Structure formats: C-alpha cells, structure tokens
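Read the structure below first, then the notes.
Each value in this text was obtained by applying a stated rule to the coordinates, not by laboratory testing. Predicted, not measured: the structure shown is a model, and the values here were computed from it. Neighbour counts are summed over all protein chains in view; Cβ atoms, including those assigned to glycine, are modelled from backbone coordinates with ideal geometry.
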Amino acid sequence: MGDVTTAPREDVPTRKSDAAYETLKGLVLNGRIRPGRHLVLYDLAEHLKIGETPLRDAMLRLATEGLLARDNSSGFSTKEFRVDEQRQILELCDLMLTHAVLNAGDRVSGQLLTDLAELENAPAATIEEAAQLAGRIRDMYLEIARAAGNDVLRDQCRVMVDRSHMVRMLDLQIGESGRHTIDDLREFGVAMAAREVEQAVASVKAILGRRIDRLPLLVKEANFLASDASFP
C-alpha cells in the first residue's frame, strides 16, 4: 500500500486568537476606544462577535506589548497617552532604527525604496488617510529592521512602532510637520539606495526628533480624539 498523506490540520484556536488580536489592536492603535476604559470581556466579545477565549488571549498579548493596561483585580483597560512614555518610546525607536539602518546593508528590498519614492508630497487630509499613511510608514520601518537580520530587533521595533502609532498618525495630518516627515522619508530612501548610511540615519533622527519636540501637542490631541470615541 502506498503511504497515506494527511493534510496538516490548521491550528484553529491560534487562528482565532490571531484574528481577535488584530481586530482589537486596530481599535486600540487608531484611538477607537476611549483612554482609561475598562474592557469587559463578555461585552467586548459580544460586540465584536468574537469568542471570549481568543479575545482574552488577544488582550493578554496586547497588555504584554504595552498597548493595554492590566490590573490583577480589575482586569484590562485602555491606556491614556502620556508625554513621558511616548518620548521614551520614540527615543528607543531612534536607537533601534539607527542600528537597523547601520546593519541593513544591501538587504533592504527594492519595493521599500520604491514606496519611499512614491510618497505623495502632501500631509494626510483626513484621519483615515493619516492612519493609512502611518501604517505604510510602519511597514517601511519594519522592513528596515528585517533587513538588519536581527529577529529580536525586528519584533521589538514592531512593538515600539505600534505603541507610537497614534502620535505618528496625528503628526502626519498636521500640514508643515507632515510635509517635513514625507520629505525626510524620501531623502531617507534616496540615501539608502545610494548606500549613504550617515544621511539615512540623519533623516530618521530628523523625523523622530521633530516628533519628540511636538509631543505635548500630539499627546493632548491623541487623548482628545480617543476620548470622543463612541466604541462600543
């Protein structure tokens, strides 16, 4: 008899947990849930049409990554944006991205360089456009971290970039600041293509440095915008 080949079983619980994680993370990152809101597992699961077990797993992951607060007695809640925390996150992003640029060599994908060159020379007109642009920039940063060949760096960079998503999104929507950021990203792409590492690092530092300077305004706006969220 010939060998019987059995198709591998999909890990259904893992897939459900991953889907719940992505759904809840999207709501948190884009300020769709009010800061400081206690998350009731049953109510949230019912509203999102997600099982309680995968949703609990998702909340644990998000708390581990610093996107939710967790209290042993009261459970999970969304976090308010704070200037000191966002400054520390951006400073860490600076260190990680600088290291990634210095070690990426010629492993950065051509698609990344194309995406950088094709950025529109205008700030996002709406919060939805800003969210999309912030997501594109997130993917660019993670591609740089991937090219550095350090999996731990890539994973930690993803967490820090996600935790600063709301601030980045709002910064991109503000006229002059958004234009400066896009200009610096284009210069970064040109520098990476030409292997001008020092100029590429300078562009990253310029983007993050200006954002740090604007944090009081950006954090205030982030909390205001999220506090107006009607979810659920």
Q) Once both labels are modelled 7 Å past Cα along the beta-carbon direction, what's the ASP18-LYS205 spacing in nm? A) 3.9
(Q) For the stretch 131-232, what does the relative contact order come out to in percent, with C-alpha contacts under 8 Å and a separation of six or more? (A) 24
(Q) Please enumerate, by chain and number, the lysines with C-alpha under 20 Å from the C-alpha of LYS49, excluding those fewer than 8 residues away in the same chain. (A) LYS16, LYS25
Q) Stokes-Einstein D for the stretch 42-124 at 20 °C, 1.002 mPa s, Kirkwood Rh over Cα pairs, in µm²/s? A) 127
Q: State the Cα centre-to-centre distance between the stretch 50-86 and the stretch 172-232 in whole Å.
A: 25
Q: List the residues of the stretch 203-228 whose backbone N lies under 13 Å from a point placed 7 Å from the Cα of GLU176 along the Cα-to-Cβ direction.
A: 214
Q) Please state the relative contact order of the chain as a whole percent: Cα pairs under 8 Å, 6+ residues apart? A) 27
